[in-house]
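Comments concern the structure below.
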Amino acid sequence: MKKRFIVLIITLLLMCLAALSAWAYYNYELQKVVVAQGDTLDVEIQSGQSFTSVTHQLVTKGVLTSPQIMKVYGRVSGLSGKLKAGEYSLKGALTIPQLVDVFVSGRSVSYQITLVEGWTFKELINELSRHDKLKKVVIGNKPMDILRAVTDEYQHPEGLFFPDTYLYKKNDTDLSILVRSFNRMQKVLNEEWEARNKDVPLASPYEALILASIVEKETGDASERQQIAGVFVRRIIKGMRLQTDPTVIYGLGDNYKGNITRAHLRQYTPYNTYKINGLPPTPIAMAGREAIHATLHPDSSKTLYFVAKGNGLHHFSETLKEHINAVNKYQIYNRKKSYRSTK
């Protein structure tokens, strides 16, 4: 009986010793650097991929010699079901707990897409289609179908998306970028509308967006935006037509080949502001906050005309006679070979 007791005690001691040794080995392995200082580890975790599968992926990459320690850590820590899908580019030195922490945090690789002021909806869609890391769910659909996936508040997609740089991760959708851009535009537009000069003769934020898109296309120089907006606002107040070339060009669509003619100015489209009164029916491009702000806070001078000088800037006039003289000066008699207009 005594001999059995001694054997039992020895067995228990050996089991405890084995357990302590295993625990010590486990903790030792957890403290080991598995991605060396200076090394980079690229790992992609798919949506729904299991912890075990990710562990074996690390073995295949030579990061781990065995999957067991990481599997045990996943169970003990309770993190095995919390990995987030994404692309990860990790810099050493990293231990197993640090690796798992990154995978759980979702600090995966980000990409960026920049939507530029003055772009049309067509140009915006072309840029989205160019980014192969985005999952395409609306690209290829008709413009109105794309708009309906974002909102049912408007009847035309032009100008409704805010130009900015947006970060995204692999397999984020093209629709997600559009929704973020649309929501950003709504926020900016409403903020600027609330702070507007109440004397501006615009009936709604959407009308402000239409005029801001014209201001955006008329000048690339920030110092001129309020002057340009002022001219258009005063023409609206006086019942004068806007007579702005960018709206004519937009109305021509694919028929515009890079050179606007007198025939184009005489051709009726809903966007030809030489033929229609007031604003065109929709924006003609994406307007930035600065153009929207300028539209709602136009300058208070008396100018009613402007003409491009060929260096990206404009000459502003109060009278038609002065304007005609400026047109002759800058676009007829002294027009340079290096002449360039604005956007």
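The values are calculated or read from the model by the stated rules, or taken from the named source; none is laboratory data. As the structure is a computational prediction, the values presented were derived from the model and not from experiment. Heads up, the Cβs are rebuilt from the backbone with ideal geometry, glycines too, and the neighbour counts pull from every protein chain shown.
Data table
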| item | result |
| --- | --- |
| Options 110, 105, 89; residue that is among the polar types (S, T, N, Q), under 30 Å from residue 30 (Cα atoms) and without any contact (Cβ under 8 Å) to a residue 40 or more places away in the chain | 105 |
| Condition check for residue 159: assigned by TED's automatic domain parsing to the domain that holds residue 130, out of contact with any Lys or Arg (no Cβ under 8 Å at 6 or more places or on another chain), closer than 17 Å to residue 295 by Cα and of a type outside the set (Ser, Thr, Tyr) | yes |
| Filter pass, residue 134 being of a type outside the set (D, E, K, R) and buried (at least 20 other Cβ atoms within 10 Å of the Cβ) | yes |
| Per-region count, segment 287-330, residues part of a loop (DSSP other than H, G, I, E, B) and more than 39 Å from the chain's Cα centre (by Cα) | 2 |
| Residue 295 being in contact (Cβ under 8 Å) with a residue 60 or more places away in the chain and among the hydroxyl-bearing types (Ser, Thr, Tyr) | yes |
| Number of the condition not met by residue 287 [criteria: (1) touching a residue at least 40 places away in the same chain (Cβ under 8 Å); (2) farther than 20 Å from residue 222 by Cα; (3) surrounded by 15 or more Cβ atoms within 10 Å (Cβ to Cβ)] | (2) |
| Single residue of segment 155-186 satisfying the filter (farther than 16 Å from residue 122 by Cα and touching a Phe, Trp or Tyr at 6+ places or on another chain (Cβ under 8 Å)) that is surrounded by the most Cβ atoms within 10 Å (Cβ to Cβ) | 185 |
| Every residue from segment 118-150 that is among the hydroxyl-bearing types (Ser, Thr, Tyr) and either in a helix (DSSP H, G or I) or in the same structural domain as residue 216 (by TED's automatic domain parsing) (or both) | 129 |
| Enumeration of residues in segment 264-284 that are in a loop (DSSP other than H, G, I, E, B) and without any contact (Cβ under 8 Å) to a residue 60 or more places away in the chain | 267, 268, 269, 270, 271, 272, 273, 274, 275, 276, 277, 278 |
| Sole exception among (1) more than 22 Å from residue 171 (Cβ to Cβ); (2) under 20 Å from the mean Cα position of the chain (by Cα); (3) of a type outside the set (D, E, K, R) for residue 74, by number | (2) |
